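The values are calculated or read from the model by the stated rules, or taken from the named source; none is laboratory data. Predicted model only: the values in this text are computed from it and were never measured. Don't worry about glycine lacking a Cβ; one is built from the backbone with ideal geometry, like all the others, and counts go over all protein chains shown.
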Amino acid sequence: MARPALIVHGGAGPVPESESTQRQAAVERAREVGWSTLTDGALAAAMAAVRHMEDEPLLNAGIGACLNAEGGVELDAGVMDGAGLKVGGAACLRDVRHPIDLARAVMEDGRHVLLAAAGASKFAREHGLEMCDPSIFITDRKRQELLLGADTVGAVARDADGHLAIAVSTGGMTGKLPGRIGDSPIAGAGFYADDRFGAVCGTGLGEAFIWLGLARLMVVELQHGMEPASVARGAVDHLGKALKASGGVIVIGREGSPQAAFNTPAMPWAAAE
Ligand code: ASP
């Protein structure tokens, strides 16, 4: 019997002062949604929290996501089930209502680990996922154009059976080139989960997470016995020192409390155990 735990974050981008309370409240709502689902397992809880945040307009995922250089929204998402190292990613999505659902469908299908753009949309339609007009992701064009840098939403969960899971969803970086894919749909970069050691999720400059293979590195550190709090702190220090990059991470080990660390001015997060 393991002690259930959940941690949810709403992105490590610079938060406009006027929005910080509301973003924290949005993240806390997601924690409640995830926590109430944890009896269905870690994967269900992480999925539910992230799916909820895709509908929170102040968070950079799903509705309200940041705009790319051409004023469009392209969404990435990823999910990993630490029980069997099962993983799914979906990237560069314009018309899939819940990117995290598609990431999960890719994982369940199991033939591939990452689908992008038109092929990903086709797969979503074939699997009966909800599709939408790309315009529904844009709620306030002026605000979304000005979203500074980035943000992502993510959740990591541990259930009573000791299973770990992570889900993550993002609009990526404001002003990104069309077609750019960040770390969030890429296992080992933006996220990783292995029941034997722990699960992690990152937010921040996606290129930096990919260059460093940061999520996988963090789980290797857990494997070698480092405490989750040190792994989290070390990861953001490494981001800053190695690449002068900013970001944040959330971590849950096989035991102990959820941990968060960031080197940005803020990262709304909420945990329960
Ligand atoms: N990591 C995301 C990306 O680069 C953005 C973020 O987390 O803020 O796409």
Q | Top-ranked residue of the range 162-194 - restricted to ones that are in contact with an Asp or Glu (Cβ under 9 Å, 6 or more places away or on another chain) and within 18 Å of residue 41 (Cβ to Cβ), ranked as farthest from the ligand (Cβ to nearest atom) | A | 162
Q) What single numbered condition from (1) under 30 Å from residue 68 (Cα atoms); (2) away from the ligand (no atom under 15 Å from the Cβ); (3) surrounded by fewer than 23 Cβ atoms within 10 Å (Cβ to Cβ); (4) among the aliphatic types (A, V, I, L, M) fails to hold for residue 245? A) (2)
Q) Counting only residues that are modelled with pLDDT of 80 or more and not polar (S, T, N, Q), how many does the range 123-153 have? A) 17
**Q.** Any pair with Cβ under 8 angstrom, 6 or more apart, that starts in the range 215-232 at a residue that is basic (Lys, Arg) and ends at one that is surrounded by 17 or more Cβ atoms within 10 Å (Cβ to Cβ) and outside any loop (DSSP other than H, G, I, E, B)
**A.** 216/187; 216/192
Q. Can you find even one residue in the range 43-58 that is touching a Ser or Thr at 6+ places or on another chain (Cβ under 9 Å) and assigned to a strand (DSSP E or B)?
A. no
**Q.** Conditions (1) within 16 Å of the ligand (Cβ to nearest atom); (2) buried (at least 24 other Cβ atoms within 10 Å of the Cβ); (3) on the phi > 0 side of the Ramachandran plot; (4) not β-branched (Val, Ile, Thr); number of the one not met by residue 198
**A.** (1)
**Q.** the range 1-29 residues that are within 30 Å of residue 195 (Cα to Cα) and in contact (Cβ under 8 Å) with a residue 40 or more places away in the chain, paired with ones that are in a helix (DSSP H, G or I) and of a type in the set (Lys, Arg) (beta carbon under 6 Å, 6 or more apart)
**A.** 8/31; 10/23
Q) Within the group 103, 120, 77, which residue is surrounded by 19 or more Cβ atoms within 10 Å (Cβ to Cβ), in contact with a Cys (Cβ under 8 Å, 6 or more places away or on another chain) and at pLDDT 95 or above? A) 120
Q) Under the condition of being touching a Lys or Arg at 6+ places or on another chain (Cβ under 9 Å), closer than 11 Å to residue 10 by Cβ and at pLDDT below 95, which residue from the range 21-63 is nearest to the ligand (Cβ to nearest atom)? A) 59
